[in-house]
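Written out below as structure tokens is the structure these notes cover.
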Amino acid sequence: MTCVELPFLEINQHGTSFFLVNMPASIITKVSYAAVRGRDEEQGAVQRVLNTRRIASIRDFALSGGFFPNSIVMNWVRSESIEIDQSRKILSITPHEYSAQLIDGQHRVAGLAEAINSTDGLKDINLPVAIYVGLTTKECADIFLSINTEQKPVHRSLVFDLYAIADDQIIDPAAARARDIAIELSEDGAPYHGMIKFPGEPPRKGGVALSTIVTTIKPLIEKNGPFDQVSLSTLENQSLAIINFFRCLEEIYGEAWFERQNAFMFAAGFSGAVDFLTARMIPYCVGMKSFKSETMRHAINMTRENLIYQKELTGKSGSEAQKYVFVRLDELFDKGESADEYAF
């Protein structure tokens, strides 16, 4: 088997060294494997069982031209397949299978392997790899925990906000559209003007985070989602339907709409309202052939005497509060004709 020479940069942290190299994806996917804690008895087994959905997501990300700038972290366990030339700063590896355990990046490697099976063009893509040699299980666990507990991912609101400037190949189209709708909801005169929390804003009580808006709206507007199923497929129509729904609620609340006591100015209230829009209001509007706010207003028997206030959600978990808002709206919903009035 042909030996591969890789220039390395040696880095020492807390008395432990690793070698940073530039390695082709074809070699990474061949030499590395995941040693699963509780299943594999060998030293260094700290990984969890692979998640097939995550692998498929990374495969699609790779096929769409996604970037992989973060290092894959390996523990090289097959000593006969690696030589370290300190004078030339070269690692010589023989790419045998099961040569290196994966400490971090097992899903990236599995996703890349599936992507390579779909197109040969990805096998030569280079990735940064940090190689430790002969670590114990404790040492692997220390590194695994430092990566997965201390190095937290960024807040989802920042991720969604960056969709505005990222390459089209990288973004999630439905999430990007949901972000566009969130911006329209926050514009002057819109129902959530000044009440959506965007990245960089100072913390404050009340208001709904951009991440909540996007993750709540996204299922509505995805391909084959509730809007698409009733032929509301354009951004303009989807945005108008959502804005008109909240405009309807705003008109009922009047001056109390932007007050902190309004349950819809918090995450659970917003999410519960969108659940109601999905399950009840969309079918109603389709039947009425109208998504105007006045059409929706006619279907909700809410007055100033039975508004939904945030204090009603006190003590409830997020999911309980969301369901409570849905149920309260459902109780006020004029469901129209009963099944007894249908012709069969």
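The values are calculated or read from the model by the stated rules, or taken from the named source; none is laboratory data. Just so you know, these numbers come straight off a predicted model, no measurement behind them. Backbone-built Cβ (ideal geometry, glycine too); neighbour counts: all protein chains shown.
A few comments on the model shown:
- Applying the criterion of being touching a residue at least 24 places away in the same chain (Cβ under 8 Å) and under 15 Å from Cys248 (Cβ atoms) to the residues of segment 279-293, the residue that is surrounded by the fewest Cβ atoms within 10 Å (Cβ to Cβ) is Lys292.
- Some residue of segment 229-236 being modelled with pLDDT of 95 or more and part of a helix (DSSP H, G or I): yes
- Residues of segment 120-140 that are among the hydroxyl-bearing types (Ser, Thr, Tyr) and assigned to a loop (DSSP other than H, G, I, E, B): Thr136 alone.
- Number of residues in segment 198-240 that are among the aromatic types (Phe, Trp, Tyr) and farther than 20 Å from Ala268 by Cα: the value is 1.
Table: residues versus (1) closer than 16 Å to Ala190 by Cα; (2) outside the structural domain of Ala209 (by TED's automatic domain parsing); (3) outside any loop (DSSP other than H, G, I, E, B).
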site	(1), (2), (3)
Asn244	yes, no, yes
Met281	no, no, yes
Tyr284	no, no, yes
Thr295	no, no, yes
Asn306	no, no, no
Glu312	no, no, yes
Ser319	no, no, yes
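- Subset tally (residues that are under 30 Å from Phe67 (Cα atoms) and of a type in the set (Lys, Arg)) for segment 169-211: 3
- Residue tally, condition in contact (Cβ under 8 Å) with a residue 60 or more places away in the chain and either over 28 Å from the mean Cα position of the chain (by Cα) or not in a helix (DSSP H, G or I) (or both), over segment 246-278: 3
- Failed condition for Asn148, given (1) farther than 30 Å from Gly15 by Cβ; (2) surrounded by fewer than 17 Cβ atoms within 10 Å (Cβ to Cβ); (3) at pLDDT 70 or above: (1)
- If you go through segment 151-209 and pick out every residue that is under 28 Å from Gln310 (Cβ atoms), assigned to a loop (DSSP other than H, G, I, E, B) and modelled with pLDDT under 90, you end up with 11.
- Qualifying positions in segment 210-252 - of a type in the set (Ser, Thr, Tyr) and crowded, with 18+ Cβ neighbours inside 10 Å: Ser211, Thr212, Thr216, Ser239
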